[in-house]
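A short write-up of the structure that comes next.
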Amino acid sequence: VQSDLIEKELLQLAKGIEKEDSVAVKKMVIALLEKGLRPGKILEEGLVVGMKSVLKKFETLEAFLPNLILASQAFQIGVEVLKPSFSEQEKNQFRKGTVVIGTVKGDIHDVGKTIVASMLTAAGFEVYDLGVDVPSETFLSRALEVSADIIAVSCLMTTTMQKQGEVIEDLERLRLRDRFKVLVGGGPVTDHWAKQIGADGYGEDGIEAIDVAIRLVSSGGKKVG
Amino acid sequence: LVNNFWEVSEIAVSKGPKVEIRDFDMALYKKITELLDKYGITFEEETPIQTDDDLSDRVFQAGKELYLSTGTYCMDTKRVVHFEQEELDEALFYLRGEISVGCGTEQRLIRHRKPDEHSIPFIEGGVVGGNSTEELQVQLYQSVAQEPLVDAIYFDPPALISGFRVEHGTPLELMAARIACLNVRKAASLAGRPGIHLLAGAGSAVADMGCCDPESGLRPTDAICTHTTSELKTDLDSLNKVAYTLHYGCLRQVWWAPVIGGFAGGPAGAAVAAVAGFFHSLLIGMAKLPSAYMGLRVTPYFRAGATDPMCFWVLTTAGQAITRNSRAIIQGSMNTSAGPGTLMMFYEIAASAVTMVVSGMHIFGVRIHRPTRQNHGSGLESRFMAETARAAAQLNRKEAKQIVLQLIDRYKENHRNAPDGFSFPELYDLKSLRPKKEYLKIYHQAKRDLINMGLPLTPTE
């Protein structure tokens, strides 16, 4: 009976994420911890299940970008409550990595980048969204500040693509290239372009960006191609 | 009340209330959700062409109410420009319903169209975002300009100029824009149409402004593109373009592109945001003045062209909302999944042209969703676009819907995995500037298919 009850509460937690209800999510996570449930189980069988459902709905247009953002925020709040209770093993198991993301200098396109940022959050990454029109030095300084694993650089115009290369150039110039993986994406960006500028990964859309990001942090990252 | 552009600019720059961008986005989504409920607006999956006038009118009211609530966000300053009901009504009143473009024998009068109207639409052709190169730009655009049914030409600069890679807002972009102007004017002259209306999408305001030059660039009878960022956002670069055209005295195409699945929500929300974007264009892009025409493009959340039933529903619902309730001159922007040299691209062009024309819109295109080659297009797509648009003008929405459903059936399986197609040198003989036999064969096949589907095209074989 106790087990059934817990399963029900985890399901409710997942629903809380789907309903984008940060307050309820926080309360439920605290309650489940107080009942002695393992943080990893709360994360995997409650928060992650809810986020996966939202992502699926986003792909089928039953949920939209604002829903994705709000659900990600609720998810993040739940994770913050769980964090102090994680065992060392759980910390290593569930830590996907830290991503600094933004649209390059001169480019003000926001939607695609925000979709990817929300999806990465939903996938368990700690994401710092720098917004649009971001200079190369801001990508670098923020990445250093938060000890990022990945710098994700978006652009939507052929005339701003060069700025993705500039981020890599600056990393090399400042001898920081080995410290970060660089993931690129955006309308005109191709796998060929990613290879040309020496990026570590390229994501055609949000789903692919998540796969590539996971691969980059788990394998230590390989250059495109 | 905001009476003129300089007052609008002041509010955007320093006087409007400051808001964080995501708060603006979320408030917009919340308002749209309320309005969809209030006006009973829902997406109809099986309706690529809207025929419910009452729904279109409700979408218009919802879009107007949305814009009154949100206003426009200036991304550089984080300030919002709000307008009052009276200003929106005044802007609608100002619309004259006609605009003169081009000069000499190529002067055209574009008139406002209504849904189901049989007047011939204005055709703005080109190879939109097709990676033209400096070496082939004259021939590429000559292939467009030589098409008699094309009324105007859109062009954008090459990505490389004299071997240098062009970057946004730099001297290289300015130079690329000016050289592109020279090339396209040469192309128009070689086609015997020096006065044809040109629309430049040079990039930044500096590049667009640099194009304005009566001798060798854009004349007052030509236009530059003034962009809107989705949803309902402007920036100083865009405002600078408006300011410059008002002083230089050339024309503007003010365009916007609601994103399905983005901050507007689903297709129903995107249709409402599209109407709000129309008011943004009137009041921020100054399309209420007789120096501008407007362009509406729908962007799906997935990476493909805007030729599926959902994108068509948004385009026709919002387009008809606008053309039924105003005297706006508005173009539908064509965006195909497949590339040139394929039967699929012709089907997508025809489906787009038909939906737009019967909804009261004029035509802008052709853009392929994902150009993968240099010079990824040719004049034949513009010819086909013009022919199908003219034929569609003889139809009403109900007749058009039957044709469009048949067309969608032919390409829906490949919509998100469409063929890339071919480049200009692969499609055309560069000496004679005529389409190669293989390409003409596909073109004639597409026309035959369309005639069989009921589109009153004139056979040209």
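The values are calculated or read from the model by the stated rules, or taken from the named source; none is laboratory data. Please read all numbers here as calculations on a predicted model, not as lab measurements. As a convention, Cβ positions derive from the backbone with ideal geometry for all residues, glycine included, and neighbour counts pool all protein chains shown. Only protein heavy atoms, including side chains, enter the accessible area calculation; ligands, DNA and RNA are left aside. Shrake-Rupley method; radii C 1.70, N 1.55, O 1.52, S 1.80 Å.
Residues in the stretch B:267-300 that are open to solvent by 10 Å² or more (accessible area, probe 1.4 Å), of a type in the set (S, T, N, Q) and either more than 14 Å from every other protein chain (Cβ to nearest Cβ) or in a helix (DSSP H, G or I) (or both): B:291 alone. Looking only at residues that are surrounded by fewer than 24 Cβ atoms within 10 Å (Cβ to Cβ) and among the β-branched types (Val, Ile, Thr) in the stretch A:94-110, which one is nearest to the other protein chains (Cβ to nearest Cβ)? Among those residues, the one meeting the criterion is A:108. Listed conditions (1) open to solvent by 30 Å² or more (accessible area, probe 1.4 Å); (2) free of Cβ contacts under 8 Å to residues at least 60 places away in the same chain; (3) away from chain A (no Cβ under 14 Å) are all met by residue B:206, apart from (3).
Pairs meeting the criteria (first residue in the stretch B:47-59 and of a type in the set (Asp, Glu), second residue part of a loop (DSSP other than H, G, I, E, B), beta carbons under 9 Å, at least 6 apart or on different chains) are B:52/B:44; B:53/B:115.
Here residue B:303 fulfils each of the conditions (1) within 12 Å of chain A (Cβ to nearest Cβ); (2) in contact with a Pro (Cβ under 9 Å, 6 or more places away or on another chain); (3) assigned to a loop (DSSP other than H, G, I, E, B) apart from (2). Can you say whether residue B:92 is of a type in the set (A, V, I, L, M), closer than 30 Å to residue B:316 by Cβ and surrounded by fewer than 20 Cβ atoms within 10 Å (Cβ to Cβ), as far as the supplied structure shows? In short, yes. Would you call residue B:192 within 14 Å of chain A (Cβ to nearest Cβ) and either outside any helix (DSSP H, G or I) or open to solvent by 10 Å² or more (accessible area, probe 1.4 Å) (or both)? Here the answer is no, as residue B:192 does not meet what is asked.
Among A:41, A:91, A:35, which is the only one that is modelled with pLDDT under 95, out of contact with any strand residue (DSSP E or B) (no Cβ under 7 Å at 6 or more places or on another chain) and farther than 29 Å from residue A:219 by Cβ? Result of the check over A:41, A:91, A:35: A:35. Taken over the stretch B:165-184, the criterion of being among the small types (Gly, Ala, Ser) and assigned to a helix (DSSP H, G or I) is satisfied by B:176, B:177, B:180. State which residue pairs qualify: first residue in contact (Cβ under 8 Å) with a residue 40 or more places away in the chain and over 28 Å from residue B:395 (Cα atoms) and inside the stretch B:432-450, second residue in a helix (DSSP H, G or I) and of a type in the set (S, T, N, Q) in any location, beta carbons under 7 Å apart, and separation of 6 or more residues or different chains. Matching pairs, first to second residue: B:433/B:139; B:433/B:142; B:433/B:143.
Only one entry in A:106, A:102 is within 25 Å of residue B:232 (Cα to Cα) and modelled with pLDDT of 95 or more, namely A:102. Looking at B:360, B:339, B:365, can you tell me which residue is under 30 Å from residue B:52 (Cβ atoms), open to solvent by less than 10 Å² (accessible area, probe 1.4 Å) and assigned to a loop (DSSP other than H, G, I, E, B)? Being under 30 Å from residue B:52 (Cβ atoms), open to solvent by less than 10 Å² (accessible area, probe 1.4 Å) and assigned to a loop (DSSP other than H, G, I, E, B) holds for just one of B:360, B:339, B:365, which is B:360.
A search for C-beta distances below 7 Å between a residue of the stretch A:5-34 that is over 15 Å from residue A:75 (Cβ atoms) and any residue that is modelled with pLDDT under 95 and open to solvent by 50 Å² or more (accessible area, probe 1.4 Å), counting only pairs 6+ apart in sequence or on different chains, returns A:33/A:85.
If you go through the stretch B:307-332 and pick out every residue that is within 14 Å of chain A (Cβ to nearest Cβ) and open to solvent by less than 10 Å² (accessible area, probe 1.4 Å), you end up with 3.
Would it be correct to say that residue B:224 is closer than 29 Å to residue B:305 by Cβ, more than 14 Å from chain A (Cβ to nearest Cβ) and in contact with an Asp or Glu (Cβ under 6 Å, 6 or more places away or on another chain)? Yes.
Restricting B:99, B:110, B:161 to residues that are within 14 Å of another protein chain (Cβ to nearest Cβ) and buried (at least 19 other Cβ atoms within 10 Å of the Cβ) narrows the list to B:161.
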